[in-house]
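**Student:** Okay, handing you the structure first.
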Amino acid sequence: MKRTTTPFGSLGGERIDRYDFTTEGRITFSLINYGATLIDVSMPDKEGNTAPVITGFDTLEGYRNHAAYFGATIGRFGNRIAGASFTVEGKKYELEGNNGPNNLHGGPMGFDRVIWKAEPFEESGKGGIRFSYTSPDGENGFPGTLKTVVTYTFSDSGEMRIDYRAETDKTTPVNLTNHTYWNLSGLGSGETVQDHEFRINASSYNPVDDALIPTGIDPVEGTPMDFRAFKTIGKDSPEFGYDHNWILDGEGMREACVLAHRKSGRKLTILTDQPGIQVYTSGHMPPMAERTGECYQFMAAALETQNFPNCVNEPDFPDCLLRPGDVYETATVFRLSLD
């Protein structure tokens, strides 16, 4: 495992660094401490041709000026909170609505917009970075001082593991995730994710209203949401694609989904201990040019392991409240390979 560190810019007098980890199999993972963001993953295809397989930018300004959360760590609360408000222990908290009337991904100044402390480390056959950030009580309207650690670990086998840990001094909702967009054909190829084959280990999902707030839990059987067996993403896709949470079968660390691009031979397997995975196929990608100079509908898919959207307001959804004395701990593994 080879690691290099180079300057990526500065913000408010603080230095932003880029960290590149290259495996023996020529897979490169690149991160910056702004937003604890994964900015590039490049890997060979079955013919040996290397290309980036996630969206991103080559400058700090690109990350500061975009609104698609490319590769970022999302917090305090990934996904949507209906009406940008919630009540905890009898007290109502008002957040900023940054997605119509709803709060999305922690608000306009969420964890994707802060500078994290970065501590690179190396182990036998592995390397990684431990990012830490303390969110003060009341930041973005959330209660409690939240101490958060997000650890990326890369292995020579082509695996990326993200471990999340958080503690609080007041009861607060926590739902951390990573918002990387994947296109295994290689960014710059012009191919969409619609022809990728996809399988999700989920028998049910959250149907949503017009504001993408869950309205309950429905079975996937007999619907376009059924990916229990491999099929191309575009086969039954709605006009603007998917932006839904699937409820993963089983408990503990298990396979959540597999994304495959047969032409290139690239495959991504995701394992997690989280209850759900939000799949967004970029049907409403904002107008911007990422590092390839391109931006188009269905250019990549965000695969966000997480708790259910709006779970803080839904007593029948899994509990997302972190209480003083408890520790929030969860992990997701991204396993890259060639078929």
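**Student:** Rounded if a/c is under 1.5, else prolate if a/b beats b/c, else oblate: with a ≥ b ≥ c from the C-alpha gyration tensor eigenvalues square-rooted, which is the range 191-277?
**Tutor:** oblate
**Student:** Under a crude label model (7 Å from the Cα following the beta-carbon direction), how far is T5 from T134 in nanometres?
**Tutor:** Placing both labels 7 Å beyond Cα along the Cβ direction yields 2.1 nm.
**Student:** For a paramagnetic label modelled at 7 Å from the Cα of R26 toward its Cβ, which residues of the range 131-158 fall within the zone defined by backbone nitrogen distances under 19 Å?
**Tutor:** Taking a point 7 Å out along Cα→Cβ of R26, the residues of the range 131-158 whose backbone N falls under 19 Å are 155-158.
**Student:** In deg cm²/dmol, rounded to 500, what helix-only [θ] at 222 nm does the chain give when every DSSP H run of at least 4 residues adds -39500 (n - 2.57) and the total is split over its residues? Intermediate values should be presented prior to the final figure.
**Tutor:** Details: 1 runs with 6 residues, N = 339.
My calculation for the chain gives -500 deg cm²/dmol from helical runs alone.
**Student:** Going by a ≥ b ≥ c, the root eigenvalues of the Cα gyration tensor, does the range 188-339 fall in the rounded group (a/c under 1.5), the prolate group (a/b larger than b/c) or the oblate group?
**Tutor:** Because a/c hits 1.5 or more and a/b exceeds b/c, the range 188-339 counts as prolate.
**Student:** Ok, one more. If we sort 214-222, 97-105, 77-85, 46-54 on the protection proxy, mean other Cβ atoms within 10 Å, highest first, what's the order? All intermediate terms of the calculation are to be shown ahead of the outcome.
**Tutor:** Working: 214-222: 13.4, 97-105: 19.6, 77-85: 23.4, 46-54: 15.2.
The most tightly packed comes first, giving 77-85, 97-105, 46-54, 214-222.
**Student:** Would you work out which of F317, V220, V149 lies farthest towards the positive end of the dipole of the chain, given +1 charges on the beta-carbon of Lys and Arg and -1 on that of Asp and Glu, about the Cα centre?
**Tutor:** V149
**Student:** By its C-alpha gyration tensor, with a ≥ b ≥ c as the square roots of the eigenvalues, how is the range 141-189 shaped: rounded for a/c under 1.5, else prolate for a/b larger than b/c, else oblate?
**Tutor:** oblate
**Student:** Build a GNM of the chain with springs between Cα atoms under 10 Å: which of T145, T55, T172 gets the top mean-square fluctuation?
**Tutor:** Per the Cα network of the chain with a 10 Å cutoff, T145 tops the list.
**Student:** Once the Cα gyration tensor of the range 22-128 is found, what semi-axes does its equivalent ellipsoid get, as square roots of 5 times the eigenvalues, in whole Å, sorted largest first?
**Tutor:** The equivalent ellipsoid of the range 22-128 has semi-axes of 34, 16, 12 Å.
**Student:** On to the next question. Mind ordering 314-326, 189-201 by average Cβ neighbours within 10 Å, highest first? Each step should come with its number before you reach the end.
**Tutor:** On the way: 314-326: 14.0, 189-201: 19.4.
Order by mean packing, descending: 189-201, 314-326.
**Student:** Can I ask one more? Take the residue pairs K91/K147; K117/K170; K231/K267; K2/K147; K126/K263 and return only those whose Cα atoms are more than 19 Å apart. Walk me through the numbers on the way to the answer.
**Tutor:** Details: K91/K147 22 Å; K117/K170 23 Å; K231/K267 14 Å; K2/K147 30 Å; K126/K263 29 Å.
Correct reply: K91/K147; K117/K170; K2/K147; K126/K263.
**Student:** Moving to a separate point now. Identify which of the listed values of Cα extents along the principal axes in Å was calculated from the structure shown: (1) 52, 47, 39; (2) 59, 53, 38; (3) 63, 45, 34.
**Tutor:** So the calculated entry is the one marked (2).
**Student:** Along the charge dipole of the chain, pointing to its positive end and built from +1/-1 on Cβ of Lys, Arg, Asp and Glu, which listed residue (N98, T172, L259) has its Cα farthest out?
**Tutor:** Towards the positive end, the residue furthest out is L259.
**Student:** Could you order the peptides 28-39, 148-159, 272-283 from most to least packed, using the average number of other C-beta atoms within 10 Å per residue?
**Tutor:** With the highest mean Cβ count within 10 Å placed first, the list reads 28-39, 272-283, 148-159.
**Student:** A further question on this structure: With +1 on each Lys and Arg Cβ and -1 on each Asp and Glu Cβ, how big is the dipole of the range 1-149 about its Cα centre, in debye rounded to the nearest 20?
**Tutor:** Dipole of the range 1-149, to the nearest 20 debye: 200 debye.
**Student:** Related question: Percent of Cα-Cα pairs more than 23 Å apart in the range 150-251, please.
**Tutor:** 46 percent
Just so you know, all these numbers are worked out from the coordinates, no wet-lab data involved. As the structure is a prediction and not an experimental result, all values here were calculated from the model. Counting neighbours? That spans all protein chains shown, and the Cβs are built from the backbone with ideal geometry, glycine included.
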